[in-house]
1. Quote the charge dipole size of region 51-205 about the Cα centre in Debye, to the nearest 20; the model charges only the Cβ of Lys and Arg (+1) and of Asp and Glu (-1).
2. Among DSSP bridges having both ends in the chain, what percentage is antiparallel? Round to the nearest 5.
3. Using a 1.4 Å probe on the protein heavy atoms, what percent of the accessible area of the chain belongs to carbon and sulfur?
4. With a 10 Å cut-off between alpha carbons and a GNM built on the chain, which of A211, A77, A36 moves the most?
5. Taking a ≥ b ≥ c as the square roots of the Cα gyration tensor eigenvalues, with a/c under 1.5 meaning rounded and otherwise prolate when a/b beats b/c, else oblate, which class fits region 35-157?
6. Of the options A202, V59, H163, report the single residue whose Cα projects farthest towards the positive end of the charge dipole of the chain (beta-carbon charges: Lys, Arg +1; Asp, Glu -1).
7. At 0.36 nm per residue, and after removing the present C-alpha to C-alpha distance, how many nm does the segment from S192 to R23 gain when stretched out fully?
8. Can you give the net charge of the other residues whose Cβ lies under 14 Å from the Cβ of T87, counting K and R as +1 and D and E as -1?
Amino acid sequence: MHACAELAVRADGRGCSVADVIRGEAPLLMRVTGHAPLTVHLVGGAAGPLGGDRLRLRVDVGADTDLRVRSVAATLAQPGPHGGPSTACTTATVAGGARLDWCPEPTIAVAGCHHTARTHVIAALGSDVRWVDELVGGRHGAPAGSVVLHQRIELGGAPLLHHTVRPSWTSAAPAGRAIVSAVWVGPASTVSQTVLTDLVRAGRYALGPTATAWVGIGDDLGAVRAALGELGWRR
């Protein structure tokens, strides 16, 4: 299956943000669920991504707007009938003076899947972007599939972050089965810091004067989120 979706947000001239364009194809469906700030939920209109699927989502956040994106449930990356790989590409363009808060539920790599997720954020100077990608290896107590996350974030036309997460999950309870990668562009960054315990490895890293990244890995998603909270990240 090949599916595309598009969301464009504009200021209405009265201090409100509105979804000027919102269209999608199953399983990439979206619904406006709030207005202060403008809140859009990703809705799975069908099972997916399945092996062989090619999904593409584009988000355009106009100047002086405020957009929050969530999802109604986790995304299950599942194998297809012929064992092929799946891809999901998300591109977000954020104008100056705009705010984007992107924090959907995690992607779960179901046993047998071969999934690649690509994130590309193009942020203008003066924008405020909070972005989080979460991965979980397999359903509870089940083996994990294969997943790769590529993240690229640009600020003011220059690369800010470009990295790849390629976990190795090989058992029914893979070590580090929960991974969180988050970035906040806008506020002043703080010094780098780490949290290391028997359950979680987490770090906060200054990317520049106005950008910070958080990365956490552990066996339990709740524990990883809590560790990142100790380092200043809030979902």
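The values are calculated or read from the model by the stated rules, or taken from the named source; none is laboratory data. Since the model is a prediction, treat every value here as computed from it, not as a measurement. Heads up, the Cβs are rebuilt from the backbone with ideal geometry, glycines too, and the neighbour counts pull from every protein chain shown. Ligands, DNA and RNA are excluded from the accessible area calculation, which covers all protein heavy atoms including side chains. Shrake-Rupley method; radii C 1.70, N 1.55, O 1.52, S 1.80 Å.
1. Dipole about the Cα centre, nearest 20: 300 debye.
2. Antiparallel bridges make up about 50 percent of those DSSP assigns within the chain.
3. Looking at the chain in its full context, I get 55 percent from C and S.
4. A36
5. Note, shape of region 35-157 comes out prolate.
6. H163
7. Gain in length upon complete extension: 56.9 nm.
8. +2
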